[in-house]
Amino acid sequence: MSEQCCSQGDHKGHLCVLVSERQFDKIKGLVREPKFICFNCGRVADDSGNLCNPMPLEG
């Protein structure tokens, strides 16, 4: 797998942006049953669309 970076494009809804905006109540709803982990930062989320470089937690 090639390393991916989310330095381009729309980050709207990504946990990295939500954390920087201190939207912790919104984040809580996005990480209740995590199925993906971000290869860049290690954050987990229920949906891959909330991470810059997602990969499944279970292989």
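Coordinate-derived values only; no laboratory data. Just so it is clear, the structure is predicted and the values come from calculations on it, not from any experiment. Quick reminder, even Gly has a Cβ in these numbers, built from the backbone with ideal geometry, and neighbours come from all protein chains shown.
Structure summary
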| item | result |
| --- | --- |
| Dipole magnitude of region 15-56, debye to nearest 20 (Cβ charges: Lys/Arg +1, Asp/Glu -1, about Cα centre) | 80 debye |
| Separation of the Cys41 and Phe24 label points, Cα + 7 Å toward Cβ, nm | 1.5 nm |
| Relative packing of 26-34, 46-54, which averages over residues the other C-beta atoms within 10 Å, highest first | 46-54, 26-34 |
